[in-house]
Amino acid sequence: MKFIPIIPAVGSAVMGSLLGFNVMAHALWLESDNAGARLYFGEYAENLRETSPGRLDGIIDPVIMLIDTNGKEKQAEAVLVDNHFTISRTGDSGTAVLAQSLRQSIREPQGEVPSPVYRRYLYARLGKGGSLPLDIQDDGNLLRLTFMGNPVSNVEVIVIAPSGWEKHLRTDEKGEITFPGLEPGLHVIEAKYELNKPGEFEGKAYVVESHKTTLTLYR
């Protein structure tokens, strides 16, 4: 998948690292139904889905790509409805849906504890095919985490079950983890990767790029 080229390539002088401060726990994730797919923003483990009017309005013009089983890509529209975006999932039953939210407002320091100003990038995947800047792909009971196509080691990956139960795992040197057997239902796999990479967006300076992605699995 050719994602929208808003994120500059990561040079050798810029190293990715998980930072020690706490950031907003919200994420995007996708769910599927007979009509297509729905894109949510909130916290799956807490059964929290933000609404519009409200915090869902902060997800501005998400970029949606459909990838069929032959690898053909097609951009799709995301229509805002109450607590989600509706996506028409055209094509065969194996069509993957990839979502990117690249226009998040700059996150100002919160609370009394000083923290860097950061910019957020949010991604979500349903199905196989294509690629995201920060991507989780599954191969049987193996998950692989990549950033700009390169494996990411020693990063936490959270497996969230339909009940809200969470399993916290960490990628190995190949960016891989073996995840446990899953109970029936919809599972959201979540990972975050952050870069000490100062920049400016919409006239505001930031210090950190925060990338968060999810993979939806049905069992």
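List of remarks:
- In order along the range 53-70, the phi-based Karplus estimate (6.51 cos²θ - 1.76 cosθ + 1.60, θ = phi - 60°) of 3J(HN,Hα) comes to x, x, 5, 4, 5, x, 8, 9, 6, x, 8, 10, 10, 9, 10, 7, 5, 8 Hz; Gly and Pro are listed as x.
- Evaluating 6.51 cos²θ - 1.76 cosθ + 1.60 at θ = phi - 60° for every residue in the range 163-180, the Karplus couplings come out as 6, x, 4, 10, 10, 9, 10, 9, 5, 8, 5, 9, x, 10, 9, 9, 9, x Hz, glycine and proline recorded as x.
- Extension gain (nm, one decimal) between Ser163 and Phe201, 0.36 nm per residue minus Cα-Cα: 9.9 nm
- Model label sites at Ser88 and Asp138, defined 7 Å from Cα along the beta-carbon direction, differ in position by 2.8 nm.
- With 0.36 nm allotted per residue and the present C-alpha distance subtracted, the Asn34-Tyr218 stretch has 64.8 nm of extension available.
- Net charge contributed by nearby residues that have their C-beta within less than 14 Å of His168 (K/R +1, D/E -1): 0
- Amide H contacts under 5 Å for Leu48, placed H, 5+ residues apart: Glu43
- For Glu194, net neighbour charge (Lys/Arg +1, Asp/Glu -1) across residues whose Cβ lies under 12 Å away: +4
- Sequence-distant aspartates and glutamates (8 or more away, or on other chains) whose Cα lies within less than 17 Å of Lys197: Glu108, Glu209
- All other residues whose Cβ lies under 9 angstrom from that of Tyr121 are scored, Lys and Arg at +1 and Asp and Glu at -1, for a net of +2.
- Residue-normalised convex hull volume from the C-alpha trace of the range 27-218: 137 Å³ per residue.
- Inter-site label distance for Asp61 and Glu77 at 7 Å from Cα along Cβ, in nm: 1.5 nm
- Pairs with C-alpha atoms separated by more than 28 Å, drawn from the list Lys128/Lys212; Lys74/Lys204; Lys72/Lys212; Lys167/Lys212; Lys74/Lys167, are Lys74/Lys204; Lys74/Lys167.
Computed from the coordinates by the stated procedures, all read-outs in this text should not be read as laboratory data. In this text, all values refer to a predicted model and were calculated from it rather than measured experimentally. Glycine gets a Cβ as well: all are built from the backbone with ideal geometry, and neighbour counts include every protein chain shown.
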